[in-house]
Amino acid sequence: IFGWAPFYSYINVLKTKMITVAISLSNHDLSITILKNEKLITILEEDRASRIKHDGIFPLKSIFKIKNFTTYIDELVLINIPLLYDIIIEFLQKEKIKIKKITKYPNTYHHIFHASSGFYGSGFKDATCLTIDSYGGNFIIDPIYDKEGKGVHTTNIYQVTSTSNFVLKYANIFYNPTVTTPYDIDFLSFNKNIEINNSLDIGMIYDAISRYVGFNTLEAGKTMGLSSYGKNNPLIPPFLYKDTVYSNMNLFKGNRSLNIKLNPEIINNPSIPSQDLAYKAQQTLEEVFIKRIKQSLSLSPNNNIVISGGCALNVVNNYKLKKKFPHINFYFDPIGGDIGQSYGAAKYHYYQLTNSLKLESLKHLYHGPRYSKEDLLNSIKKYV
C-alpha cells in the first residue's frame with residue numbers, strides 16, 4: 001500500500017516546517033515515517049523496497065529513500081532495536097542528511113506506539129486504546145535503575161484524554177518463570193494496573209495454532225481465512241481456562257507451542273483437521289476481545305475505542321465487534337501491526353514535544369506514487 005512518492009511532489013513543501021522522521025527497527029516489518037509537523041508525508045515500508053514480505057533484514061533499503069523527501073531532519077526518532085541506532089545515524093550522515101536532534105526510545109514503548117498509531121490515525125479527540133498483539137516491548141521491572149525486566153507486554157489499555165496524554169489503565173505482562181526472579185514478580189505486584197502471568201495471551205494462542213497448522217508466525221491472516229472452513233469440534237481441548245482470558249496451560253506451553261506430550265490425541269488425528277483448530281482459535285480470539293472491550297469500558301468509559309496491535313488486523317473479529325457493540329465508535333488501526341510502529345512513534349514524539357491540539361487523521365493508505373490511466377495501460381500492454 002505504501003510506496004515511494006515522487007521527489008518533486010514534496011521537496012519544496014518540506015523546506016520550512018518541522019520535519020520528524022521515525023525509524024522502526026523491529027525484528028520484522030521495518031518502516032520509516034516522515035512528518036511535516038502533524039501531517040503525514042509518507043510511510044516507507046521496508047518490504048516494498050526489498051520485495052521481501054515482512055522484511056526485518058538489516059540494513060534497510062528504504063533508508064536511502066528518505067532524501068527523496070527531505071535532506072534535513074529536525075527530530076530523528078529511533079525505536080525498537082537500540083543496538084542498531086548508531087549504525088542508522090551513520091547511514092543518514094553518509095547520505096548527507098542533516099540531523100538536528102536525535103531521540104532514542106527504549107523497547108518499553110512498543111505498545112504505546114501501537115496505541116498512538118491507532119489514536120492519531122483515528123482523528124478522535126479522546127479515546128480508549130486497546131492494544132493486543134502476540135507480544136512486544138519489555139516491561140521495566142525497577143524504575144529507579146531503569147532496568148528492563150523479563151516480562152513482555154501482550155495486552156494494554158490506555159486512556160487518552162488529549163493529543164499528548166496517554167494514561168496506562170491496564171497491562172498484561174507475560175513472563176517466563178524460568179528466567180524471571182521472585183523479586184521481579186514481587187515488584188510488579190505492587191502496581192494495581194499491571195497483571196502478570198505465565199499463561200499465553202490470545203495473540204500468543206493464535207500464533208501457536210497458526211504455526212501448528214503450518215503457517216509461520218507472521219501469517220495469522222491465513223489462520224483467520226482457514227477458520228471459515230472449520231467447525232466446532234468437541235475433540236479439541238478448550239483453549240482457555242474456564243471462563244477467563246487465560247490459556248489452558250495443559251494445552252499451551254510457555255514457548256508458544258502446543259503441549260503434545262499431554263495432548264497426544266491431537267497429533268495426526270484425521271478427526272481434528274487444521275481448519276477446525278483454526279476455527280477454535282478464531283472463536284477464542286473473538287471471545288477474548290469481547291471481554292477486553294468490556295474491561296476497557298469499565299476502566300476508561302468512552303464511546304471512542306481504538307484497537308491496535310497485530311490482532312487489530314483480524315477483520316472477521318472487527319466485523320463481529322461492531323455488531324456486538326453498535327453504540328461504540330470503533331477505529332481499527334489499518335496499520336496495527338509493527339509496520340505502524342514508526343507512524344505511532346513519529347506522531348507520539350511530535351505531540352509530546354509540541355503539545356499541539358491540531359490533529360491530522362489517517363485519511364487513506366495510498367501515499368505512494370500516482371499513475372495515469374495511460375501509464376497503467378502502457379504497462380499492461382507489455383505483458384499482453
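The values are calculated or read from the model by the stated rules, or taken from the named source; none is laboratory data. Treat the numbers as computed from the prediction; the structure is a model and nothing was measured. Virtual Cβ from ideal backbone geometry, glycine too; neighbours counted across all protein chains shown. Surface areas here come from the heavy atoms of the whole protein model, side chains and all, with no ligands, DNA or RNA. Shrake-Rupley method; radii C 1.70, N 1.55, O 1.52, S 1.80 Å.
Do the sum for the chain: with -39,500 (n - 2.57) for every DSSP H run of n ≥ 4, divided by all residues, what is the mean residue ellipticity at 222 nm, to the nearest 500 deg cm²/dmol?
-9000 deg cm²/dmol
Take the chain, connect every pair of alpha-carbon atoms lying under 10 Å apart with a spring to form a Gaussian network, then pick out the residue of Phe330, Phe91, Phe239 with the largest mean-square fluctuation.
The residue that fluctuates most here is Phe91.
Sorting check: for 218-228, 338-348, 97-107, which peptide has the highest mean count of neighbouring beta carbons within 10 Å, and how do the rest follow? Let's see the in-between values first.
Numbers: 218-228: 18.9, 338-348: 28.5, 97-107: 14.5.
In decreasing order of mean packing, 218-228, 338-348, 97-107 become 338-348, 218-228, 97-107.
When averaged across all projection directions, what area in nm² does the alpha-carbon convex hull of the stretch 57-167 cover?
Numbers: hull surface 34.9 nm².
The Cα convex hull of the stretch 57-167, projected and averaged over all directions, gives 8.7 nm².
Where both residues lie in the chain, what percent of DSSP beta bridges are antiparallel, nearest 5? Write down the numbers at each step before the final one.
On the way: 33 of 56 bridges.
Just about 60 percent of them are antiparallel.
With N set to the residue count of the chain, report its C-alpha Rg divided by 2.2 N^0.38 Å to two decimal places.
That works out to 1.03 for the chain.
What does the convex hull of the alpha-carbon atoms of the stretch 198-271 project to on average, in nm²?
Taking a quarter of the hull surface, the average projection is 5.2 nm².
Under 17 Å between alpha carbons, and skipping anything fewer than 8 positions from Lys36 in its own chain: which aspartates and glutamates qualify?
Cα-Cα hits under 17 Å: Asp74, Glu75, Glu360.
Share of Cα-Cα pairs in the stretch 212-330 beyond 17 Å, in percent?
Percentage above 17 Å: 61.
Using a 1.4 Å probe on the protein heavy atoms, what percent of the accessible area of the stretch 253-384 belongs to carbon and sulfur? Mind dumping the intermediate values first?
Details: 3900 of 7050 Å².
For the stretch 253-384, the apolar C and S fraction of the accessible surface comes to 55 percent.
How much accessible area per residue does the stretch 50-160 have, in Å², with a 1.4 Å probe? All intermediate terms of the calculation are to be shown ahead of the outcome.
Values: 4890 Å² over 111 residues.
Ligands and nucleic acids excluded, the figure is 44 Å² per residue.
What is the packing order of peptides 46-54, 202-210, taking the mean over residues of other C-beta atoms within 10 Å and listing the highest first?
Peptide ranking by packing, descending: 202-210, 46-54.
Using just the Cα positions, wrap the stretch 345-384 in a convex hull and report its mean projected area in square nanometres, one decimal place.
With the hull built on Cα positions only, its mean projection is 4.7 nm².
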